[in-house]
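Written out below as C-alpha cells is the structure these notes cover.
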Amino acid sequence: MPPKPNQNAARVSRHGVARVISKLGMASRSLAAKWVHEGRVRVNGRPVRDPEFPVLQGQDRISVDELDVVAATRVVLMLNKPRGLVTTREDEKGRATVYQCLADAPLPWLAPVGRLDKASEGLLLFTNDPAWAAQLTDPTTGPDKTYHVQIDCVPDEALLTKLALGAPVEGNWLRFKSVHCMRSGLKSAWLEVILDEGRNRQIRRMLEACDVSVLRLVRVAIGRLVLGELPKGNWRLLSETEIGSL
C-alpha cells in the first residue's frame, strides 16, 4: 500500500523571502526585494539574490546585513492627514506625501492602512503589521469608517435616500451605509457619511453621480477610534486598548 500523505507537511507553505521580511514588519516588500538584489539578505547563512526564494517563516533563519530578522513589535499610529498630500512613500510625480509628517519620528518602517486621496483629510493609520492592516481594510472584518463631507448644495430627502440606497456608478454599485445632514447654510451643507466598505474615491464618485460637488472631505473615525483634537499634520501612537478596539 502507498504511504499515507503527511498532513502536517501539506499545511506547510513557503513564501518568497522578500514577502516574509515584509510580513515580519521590517520593511516594505519592494524595499526587501531591493535588499535581496543587493546581496544583503541570507537564508540559513547562505546569500540569496532572488526575492522569491522560498522560505518557511519561523523555521528558516533570515538575516539582513548579518542581523537576524525577527517579528517586530506591532506599532500603530494615527495621523491627522492634511489636504494636499498623497498617501504613498514615494510619488512618481514628485508630489508631497504623508511621510513628510513622519519625517522626524523615531519609528520603524510603517505603511499606511488604506488610503486617503490627495484632496481628503483626517484620520489615517500606519502600521508595521501587514496582516493586521489587511484585516482592518477587509470589508468583512474591518470596522466602519465615518466621514464629514461638505457639499455645494443643501440636500433634500430624495438625495439622502438615493445615497443610502445606492446607485450604479461606472459599473459598480455604490452606496453609503448611512448618511444624514449635520448642518446646512444657504448654499452648502455638511453630511456625516458612514461606509462599511472602502472602494476607490467612493464618496466623491457617488456624489458626483448625483451632480453634487465635494468641497471638503474629512475622515473623523475608524470604528470606535476618533480623530479628536489631534492637530492637523500631527501624529500619535495608539495604545494597546485602542488597537484592540479596532
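Only the coordinates and a few stated rules stand behind these numbers; no lab work does. Bear in mind the structure is a predicted one, so any value in this text is a computation, not a measurement. A quick note on method: Cβ atoms are made from the backbone with ideal geometry, for glycine too, and the neighbour counts reach across all protein chains shown.
To the nearest 20 debye, what charge dipole does region 7-68 have about its Cα centre, counting +1 at the Cβ of each Lys and Arg and -1 at the Cβ of each Asp and Glu?
Using Cβ point charges on Lys, Arg, Asp and Glu, region 7-68 gives about 180 debye.
If the only charges are +1 at each Lys and Arg Cβ and -1 at each Asp and Glu Cβ, what is the size of the charge dipole of the chain around the Cα centre, to the nearest 20 debye?
Around 360 debye, computed over the chain.
Using a Cα distance threshold of under 26 Å, what count of lysine pairs results for region 133-246 when pairs must be 8 or more residues apart or interchain?
6
Against the globular-protein guess of 2.2 N^0.38 Å, express the Cα radius of gyration of region 7-68 as a ratio, rounded to two decimals.
Compactness ratio reported: 1.06.
Let me know the charge dipole size of region 145-222 about its Cα centre in debye, to the nearest 20, where only the beta-carbon of Lys, Arg (+1) and Asp, Glu (-1) is charged.
Once rounded to the nearest 20, the dipole reads 280 debye.
At a Cα cut-off below 22 Å, give the lysines reachable from Lys23, other chains included and same-chain residues fewer than 8 away excluded.
Leaving aside lysines fewer than 8 places away in the same chain, those within reach of Lys23 are Lys34.
Run the numbers on the chain and let me know its relative contact order in percent, using alpha-carbon pairs under 8 Å that are six or more apart.
19
Within a 10 angstrom radius of the beta carbon, how do Tyr99, Tyr147 rank from fewest other beta carbons to most?
Tyr99, Tyr147
List the residues, sorted by chain then number, that are 5 or more residues from His180 or on another chain and whose placed amide H is less than 5 Å from its amide H.
Glu192
Pick out, from Val214, Ser30, Val169, the residue whose Cα sits farthest towards the positive end of the charge dipole of the chain, with +1 on the Cβ of Lys and Arg and -1 on the Cβ of Asp and Glu.
Going by the Cα projections, it comes out as Ser30.
Taking 7 Å along the Cα-to-C-beta vector as the label spot, tell me the Arg95-Ser245 distance in nanometres, rounded to one decimal.
Result for the modelled spin labels: 3.1 nm.
Sort Asp211, Asp60 by Cβ crowding within 10 Å, fewest neighbours at the top.
With the sparsest Cβ surroundings first, the list reads Asp211, Asp60.
Please arrange Met26, Met206 by counting, for each residue, the other beta carbons lying within 10 Å of its beta carbon, fewest first.
Met26, Met206
Out of (i) 18.8; (ii) 14.2; (iii) 13.1, which label holds the value of mean projected area of the Cα convex hull in nm² that was computed here?
(i)
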